[in-house]
Amino acid sequence: MAISFSSANIDFELDDIAKVKNWISDTIKAQGKRVGAIGYLFCDDTYLIDVNRQYLNHDTYTDIITFDYVGDDVISGDILISVERVKENAKLFGVTFDHELHRVVIHGILHLLGQGDKSDAEAAEMRKKEEAALARWDSIK
């Protein structure tokens, strides 16, 4: 298992790293896939919008960008998360920061597992899978 967490231009450290790694691994293995190299980078809005502009030609703020390096059944990729957006979205949706952060963390994994969210139907399916994963959080050690 090669799941890593780092931060760029902000002072942020993820809580419960071992539990989060187990949760991610369990989510991947439940789909019959193997964990490859997965790197999370926590950053601020400025960093993420620069990446969005440079690599995706999007000039919008976002909470997450996922770069997919999946090969066959090995799930690998880089997942960049704006901690600022997560905080704002937690307030907007009336949930705790940790809940929203976990939702975004698993959102990236679901993208790597092939779940899209561009159409209304895909977005609804993404939400359903996020909720299912979040429901398993308490059972993870």
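Which one of these is under 17 Å from GLY108 (Cβ atoms) and either assigned to a helix (DSSP H, G or I) or in contact with a Gly (Cβ under 7 Å, 6 or more places away or on another chain) (or both): PHE67, PHE12?
Numbers: PHE12 fails: either assigned to a helix (DSSP H, G or I) or in contact with a Gly (Cβ under 7 Å, 6 or more places away or on another chain) (or both).
Exactly one residue qualifies, and that residue is PHE67.
Keeping to the range 35-62, report how many residues are open to solvent by 50 Å² or more (accessible area, probe 1.4 Å), in contact with a helix residue (DSSP H, G or I) (Cβ under 7 Å, 6 or more places away or on another chain) and either in a helix (DSSP H, G or I) or closer than 22 Å to ARG136 by Cα (or both). Please lay out each step first, then the result.
Step one: list which residues in the range 35-62 are open to solvent by 50 Å² or more (accessible area, probe 1.4 Å), which gives 37, 46-47, 50, 53-61.
From the residues that got through so far, the ones that are in contact with a helix residue (DSSP H, G or I) (Cβ under 7 Å, 6 or more places away or on another chain) too are 58-61.
Then keep just the ones that are either in a helix (DSSP H, G or I) or closer than 22 Å to ARG136 by Cα (or both); that gives none.
Going through the range 35-62 one residue at a time, the tally reaches 0.
Results for (1) farther than 23 Å from LYS29 by Cα; (2) at pLDDT 95 or above; (3) aromatic (Phe, Trp, Tyr); (4) open to solvent by 60 Å² or more (accessible area, probe 1.4 Å), shown as yes or no for each residue.
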| site | (1), (2), (3), (4) |
| --- | --- |
| ILE64 | no, yes, no, no |
| ASP72 | no, no, no, yes |
| GLU88 | yes, yes, no, yes |
| ARG103 | no, yes, no, no |
| ILE106 | no, yes, no, no |
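Taking the range 111-141 as the search range and keeping residues that are touching a residue at least 40 places away in the same chain (Cβ under 8 Å) and part of a helix (DSSP H, G or I), which one is most open to solvent (accessible area, probe 1.4 Å)?
My answer is ARG136.
Select from the range 87-122 the residues that are over 15 Å from the mean Cα position of the chain (by Cα) and farther than 25 Å from ILE140 by Cα and list them in ascending order.
GLU88, LYS91, LEU92, LYS118, SER119, ASP120, ALA121, GLU122 - these are the residues of the range 87-122 that are over 15 Å from the mean Cα position of the chain (by Cα) and farther than 25 Å from ILE140 by Cα.
The values are calculated or read from the model by the stated rules, or taken from the named source; none is laboratory data. What you see is a predicted model; the values in this text were computed from it and never measured. Please note: Cβ atoms are built from the backbone with ideal geometry, for glycine as well, and neighbour counts cover all protein chains shown. Areas reflect the complete protein model, heavy atoms only, side chains present, ligands, DNA and RNA absent. Shrake-Rupley method; radii C 1.70, N 1.55, O 1.52, S 1.80 Å.
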